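Enquirer: Okay, here's the structure, questions in a sec.
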Amino acid sequence: MPCNSCRSINTRTFGGEIGMHFPGLKGLDRPIVFVFPKIQVCLDCSFAGFQIPESELQVLRQDVPA
Ligand SMILES: [Zn+2]
């Protein structure tokens, strides 16, 4: 797939581990949401993108632990 930022086809997919924190001081009391997505990286402009699984996305939407 072409890069979503610059449309280059010079992209590569990597395995990833990402911990997402809720923003602000209130976020310090919230659990970190970990995801292990496939990450598409543009080797020309450095843009990276990934999809969050539905269960973790629900946590982010509702602000509650899974
Ligand atoms: Zn790009």
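Readers should treat all values here as calculations from the given coordinates under stated rules, not as data from a laboratory. On a predicted model such as this, the values are computed, not experimentally measured, just so you know. Note: ideal-geometry Cβ built from the backbone for every residue, glycine included; neighbour counts use all protein chains shown.
Enquirer: Taking only DSSP H segments of four or more residues, each worth -39500 (n - 2.57), what value at 222 nm results for the chain once the sum is divided by all its residues, to the nearest 500 deg cm²/dmol?
Expert: -4000 deg cm²/dmol, from helical runs alone.
Enquirer: For the ranges 20-26, 55-61, 33-39, what's the packing order if you count other beta-carbon atoms within 10 Å of each residue, average per peptide, and put the highest first?
Expert: Per-residue Cβ counts within 10 Å, averaged per peptide and sorted highest first, yield 33-39, 55-61, 20-26.
Enquirer: Along the Cα→Cβ direction, 7 angstrom out, place labels at S55 and N4. What is the inter-label distance in nm?
Expert: Roughly 2.3 nm, to one decimal.
Enquirer: Quick query: amide H of T11 versus all other amide H atoms, modeled in the peptide plane; which residues come in under 5 Å with a sequence gap of 5 or more or a different chain?
Expert: Amide H neighbours of T11, under 5 Å, 5+ apart: L43.
Enquirer: Next question. Along the charge dipole of the chain, Cβ charges K/R +1 and D/E -1, which of L28, V59, F47 sits furthest on the positive end?
Expert: Towards the positive end, the residue furthest out is F47.
Enquirer: With +1 on each Lys and Arg Cβ and -1 on each Asp and Glu Cβ, how big is the dipole of the chain about its Cα centre, in debye rounded to the nearest 20?
Expert: For this selection, approximately 140 debye.
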